[in-house]
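The values are calculated or read from the model by the stated rules, or taken from the named source; none is laboratory data. Note that this is a predicted model, so its numbers are computed, not measured. Cβ coordinates were reconstructed from backbone atoms using ideal geometry, including for glycine residues, and neighbour counts include every protein chain displayed. Ligands, DNA and RNA are excluded from the accessible area calculation, which covers all protein heavy atoms including side chains. Shrake-Rupley method; radii C 1.70, N 1.55, O 1.52, S 1.80 Å.
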Amino acid sequence: MSKTRLIVAAAAASLVGGAVAAGTLDDVKAKGFIQCGVSTGLVGFANPDADGNWNGFDVDYCRALAGAVFGDPEAVKFTPTTGKTRFTALSSGEVDVLARNTTWTFSRDADLKLTFVGINYYDGQGFMTHASLGVESAHDLDGATICIQTGTTTELNLADFFRANNMSYEPVPIETNAEAREQFFAEACDVYTTDRSGLAATRATAEDPEALIVLPEIISKEPLGPLVRHGDDEWADIARWVLNALIIAEEKGITAANVDSMASSTNDPEVARLLGVEGEYGGMIGLSADWAANAIRARGNYAEIFDNNIGPDTAIGLSRGVNALYTEGGILYAPPFR
Amino acid sequence: MSEKRSAPSRQPFRIGMLLYDTRYRSLTIQVIALMGFMLLVAWLISNTIQNLNSLGKDVSFDFLRQPSSYDINQHLLEYDSRSSHLRASMVGLLNTLLVAVLGCTLATVVGVLIGVLRLSRNWIVARLMTIYIEGFRNVPVLLWIVFFMAILIETLPRPRDFRGDDATASMLLGDSVALTNRGVYVPEPLFSNSLGDVPILGWFSISLDLITLLIVLFVGITGAGMIRRRAERRQAETGVRPVTWPIRLGLIAIPPLVLLYLLGFHLGFPELKGFNFSGGIYMRNSMIALWLALSFYTAAFIAENVRAGIMAVSKGQTEAAYSLGLRPGITMSLVVLPQALRIIIPPLISQYLNLTKNSSLAIAVGYMDVTGTLGGITLNQTGRELETILLLMLCYLAISLSVSAILNWYNNRVKLKER
């Protein structure tokens with residue numbers, strides 16, 4: 001299965017590659033929709049509902065991007081990718097943007113020739129285990145069997161963590177979150193490790209979430225963000241500033257509901273610039289003047305997207321933590337819009 | 001006179017003859033087709049290079065020397081996360097070979113059995129075998145692999161069920177074998193006076209105990225063979241066959257037993273420690289699921305090959321054997337099967353190759369074969385799609401060509417010698 005897929009992907013990489021050099025924005029406009037790579041199904045981040053509509057934190061970023069480019073948040077198609085296939089899908093041109101809780105690392109940026117456009121979720125790798133095992137710390141995990149998704153940074157962090165602490169473990173490599181759940185819930189592995197947001201999402205869908213505990217240790221920095229291919233700076237700018245626009249919108253209190261009234265009545269020059277009332281900022285990135293207003297109109301600002309998908313009132317129940325705005329004790333910070 | 005008659009053959013060559021002369025036409029078409037094919041290949045290669053350039057990537061195999069940074073659960077070589085990507089690939093390759101060898105062996109045994117039983121005159125046995133064959137070969141092998149894995153995970157007890165006074169699960173065969181939903185633990189052979197290991201090219205080491213044991217066993221079998229041949233000579237000369245089996249058995253069995261005693265052979269039993277059992281040989285359920293699924297699936301095809309081979313042997317052979325007074329079992333093993341083998345071997349080769357290549361589905365259950373290490377994690381962590389896929393194809397090509405070379409050699413030995 002995956003061998004064929006990889007070969008097809010490699011072949012596609014060699015054939016489609018030619019089209020990649022041309023402007024992604026022009027290609028996207030010509031085909032009329034954005035192809036967005038998401039995960040194969042992680043509740044809260046990217047998951048199709050019973051009708052096949054994709055929902056989630058990463059999905060909503062793509063909808064905002066579609067709003068900015070086309071003024072229509074539905075002008076986006078989703079490609080589910082596994083941890084293994086995601087980068088090939090992006091560099092072969094199969095997807096235009098990858099929003100799949102992907103960790104920004106040096107080698108992915110430099111060696112894999114990808115461009116991370118920002119960070120939409122500051123995460124860290126954690127461990128989830130069965131409460132009945134009586135484990136209280138990751139340092140008690142010597143000899144444990146650990147389920148882990150292949151092709152992720154968590155796989156490397158795990159090897160480093162256990163090596164540094166002189167402990168042994170038995171890795172059980174798996175392809176998707178669904179397979180991990182099957183093995184973990186049947187206790188074929190003692191521990192499931194991935195980003196803590198992913199653990200929370202998996203725990204939320206367990207039959208009895210109380211029987212599972214997330215251990216206190218965070219063993220890595222996992223800055224997650226959307227990414228595009230190297231070499232198309234115009235498209236990267238669009239992807240970067242859609243994300244920034246959503247964060248600035250939260251800062252300025254612009255929501256999906258009040259974006260129109262804000263645009264007509266604002267006295268704040270930065271809001272006026274952002275919403276296209278003042279200046280020609282949309283033209284600088286090849287979009288219409290109201291691109292940011294359309295992006296915000298799609299699914300709301302950063303806070304709205306967070307709260308609707310993974311916030312405290314959802315089944316996932318993540319608090320903002322370090323992902324709060326810098327003005328509210330977090331580290332979320334967008335460059336000035338001018 | 002003769003000069004005149006041969007004149008037409010000296011007709012000067014004209015360019016049109018390439019198309020209109022039947023002697024040259026097929027050649028022309030072949031040359032054009034070859035040129036077209038080469039152009040296609042050249043275009044593909046130049047396109048690949050050009051696109052890699054435009055992506056800013058080069059083709060380089062240097063990544064193979066970098067540390068892999070990931071762990072592999074089942075490694076037959078010494079391996080840790082500081083080892084190189086090349087070593088990780090080798091570990092994967094050995095895992096592929098392991099499951100391929102185990103799979104081909106079990107598939108052959110099961111396949112021959114099922115194939116013979118399908119021809120049984122017992123109605124129920126024959127129909128049951130038909131159900132087996134049609135069931136296995138008409139469902140994709142990937143589903144069988146996942147299905148076997150699900151059975152192992154969901155039905156077998158967890159390691160913690162073995163713990164405590166009110167344990168719900170217990171070990172089998174006098175506390176020596178543990179069946180868990182993570183795999184099967186069996187006793188391992190240990191030597192208290194071990195001879196140690198010999199490193200080979202600094203790459204891996206082989207246990208000297210094993211080598212010594214194999215040498216002793218080989219010498220014993222060779223000696224036993226010499227005694228048997230002498231007995232045959234004696235029988236040919238005098239008509240009386242001397243009783244040799246106690247000597248031969250002793251020659252084969254006693255030296256290894258003495259050696260095992262000298263080496264201090266004992267069994268290490270698995271024990272529940274912490275999260276898992278430790279000690280003993282740990283066969284992960286990913287390997288067991290993959291092995292069983294591939295074997296039973298391929299066995300269905302082999303069974304059909306065996307049935308075809310047996311049915312192709314003329315019925316007269318069986319009747320002749322019966323008329324000589326041979327019983328059905330002996331007839332099958334001494335008369336029919338040796339002849340059927342000639343028909344069975346060639347398709348058997350392709351079944352072995354299929355099994356080996358199907359083992360690349362291993363990642364579905366998390367078995368770290370060469371597709372999982374080189375074509376999976378290494379590809380993903382280094383981003384070298386082209387290089388890793390090329391190496392991977394080379395690996396499978398090498399395995400397949402070797403298997404097929406060995407079996408072709410065997411086929412040449414058993415096939416009907418025609419003069």
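Worth a mention:
- Checking every one of the GluC sites (Glu not before Pro) in the range B:324-419 against DSSP loop status and a limit of 11 other Cβ atoms within 10 Å picks out B:E418.
- Kirkwood hydrodynamic radius over Cα pairs of the range A:92-177, then Stokes diffusion coefficient at 10 °C and 1.306 mPa s, in µm²/s: 104 µm²/s
- Counted over all Cα-Cα pairs of the range B:274-419, pairs farther apart than 27 Å make up 46 percent.
- Two-site FRET efficiency, B:R82 against B:S205, from Cβ-Cβ distance with R₀ of 22 Å, rounded to 0.05: 0.80
- Over the range A:75-229: Kirkwood hydrodynamic radius from C-alpha pairwise inverse distances, Å: 16.2 Å
- Taking the longest Cα principal axis of chain A as reference, the axis of helix A:233-252 is set at about 90 degrees.
- Percent antiparallel among DSSP beta bridges (both partners in chain A, rounded to 5): 55 percent
- The base-10 log of I(q)/I(0) for the range B:142-239, evaluated at q = 0.16, 0.18, 0.23 Å⁻¹, reads -0.89, -0.94, -1.10 [Debye formula, identical scatterers on Cα atoms, solvent excluded].
- Remark on the range B:60-170: ratio of C-alpha radius of gyration to 2.2 N^0.38 Å is 1.61.
- Selection of GluC sites (Glu not before Pro), the range A:134-221, meeting DSSP coil and at most 10 other Cβ within 10 Å: A:E207
- Membrane-span-like helices in chain B (whole DSSP H runs, Cα extent of at least 20 Å along the helix axis, mean Kyte-Doolittle hydropathy of at least 0.0): B:22-54, B:85-118, B:123-137, B:141-155, B:208-238, B:245-262, B:285-312, B:337-358, B:385-414.
- Beta bridges per DSSP with both ends in the protein assembly as shown, % antiparallel, nearest 5: 70 percent
- Think of each Lys and Arg Cβ as +1 and each Asp and Glu Cβ as -1; about the Cα centre, that makes the dipole of the protein assembly as shown roughly 5900 debye.
- In plain terms, chain B is cut at each of the chymotrypsin sites (Phe, Trp or Tyr not before Pro) found in a DSSP loop with at most 16 other Cβ atoms within 10 Å, and the longest leftover piece is B:204-419.
- Accessible area (Å², per residue) of the range A:131-220, counting only protein heavy atoms and a probe of 1.4 Å: 36 Å²
- For the range A:60-77 versus the range B:256-306, the gap between their alpha-carbon centres in whole angstrom: 54 Å
- The simple Förster model, with R0 at 41 Å and r as the Cβ-Cβ distance, assigns A:E280 and B:S46 a FRET efficiency of 0.45.
- Helix-only [θ]222 nm of chain B, DSSP H runs n ≥ 4, -39500 (n - 2.57) each, per residue, nearest 500: -20000 deg cm²/dmol
- Length-normalised contact order of chain A in % [C-alpha pairs under 8 Å, at least 6 apart]: 22 percent
- Interface burial for A against B (accessible surface, 1.4 Å probe, total of both chains, Å², rounded to 100): 4200 Å²
- Globularity index of chain A, i.e. its alpha-carbon radius of gyration over 2.2 N^0.38 Å: 1.02
- Taken over the alpha carbons of chain B as equal point scatterers, the Debye sum produces base-10 log I(q)/I(0) values at 0.13 Å⁻¹ of -1.41.
- A:K29 sits with roughly 90 Å² accessible to a 1.4 Å probe, with DNA, RNA and ligands left out of the calculation.
- Over 16 Å [Cα-Cα, the range A:131-220], rounded percent: 51 percent
- Residues considered: B:T212, B:T105, B:T373. Largest GNM mean-square fluctuation over chain B, using C-alpha springs under 10 Å, is found at B:T212.
- Going by accessible surface with a 1.4 Å probe and the largest first, A:L275, B:L259 read B:L259, A:L275.
- Taken about its Cα centre, the range A:131-220 carries a charge dipole of about 240 debye when Lys and Arg each add +1 at the Cβ and Asp and Glu each add -1 at the Cβ.
- Sorted largest first by accessible area at a 1.4 angstrom probe radius, with every protein chain in place, the residues B:R233, A:R108 fall in the order B:R233, A:R108.
- Inter-chain Cβ neighbour count for A:178-189, averaged per residue, equals 5 (cutoff 10 Å, partner chain atoms only).
- For the range A:41-92, fraction of C-alpha pairs farther apart than 16 Å, in %: 47 percent
- Remark on the protein assembly as shown: Rg and Dmax equal 33.3, 121 Å (Cα only).
- Listed residues B:L55, B:L94, B:L106, most fluctuating in chain B (Gaussian network, C-alpha, under 10 Å): B:L55
- Most mobile listed residue (A:F162, A:F87, A:F306) in chain A, GNM with C-alpha springs under 10 Å: A:F162
- Dipole magnitude for chain B: about 2280 debye, using +1 per Lys or Arg Cβ and -1 per Asp or Glu Cβ, origin at the Cα centre.
- Across chain B, Cα pairs under 8 Å and at least six residues apart give a relative contact order of 21 percent.
- Here's the picture: charge each Lys and Arg Cβ at +1 and each Asp and Glu Cβ at -1 in the range A:131-220, and of A:A200, A:S132, A:T145 the one pushed furthest to the positive end of that dipole is A:A200.
- Accessible-area rank, largest first, for B:I252, B:I133: B:I252, B:I133, with all protein chains present and a 1.4 angstrom probe.
- Residues in the range B:233-323 average 54 Å² of solvent-accessible surface per residue, probe 1.4 Å, ligands and nucleic acids excluded.
- In the range A:131-220, Cα pairs under 8 Å separated by at least six residues give a relative contact order of 39 percent.
- Loop-located trypsin sites (Lys or Arg not before Pro) in the range B:131-195 whose Cβ has at most 14 other Cβ within 10 Å (DSSP): B:R163
- Solvent-accessible area, 1.4 Å probe, carbon plus sulfur percent, for chain B: 67 percent
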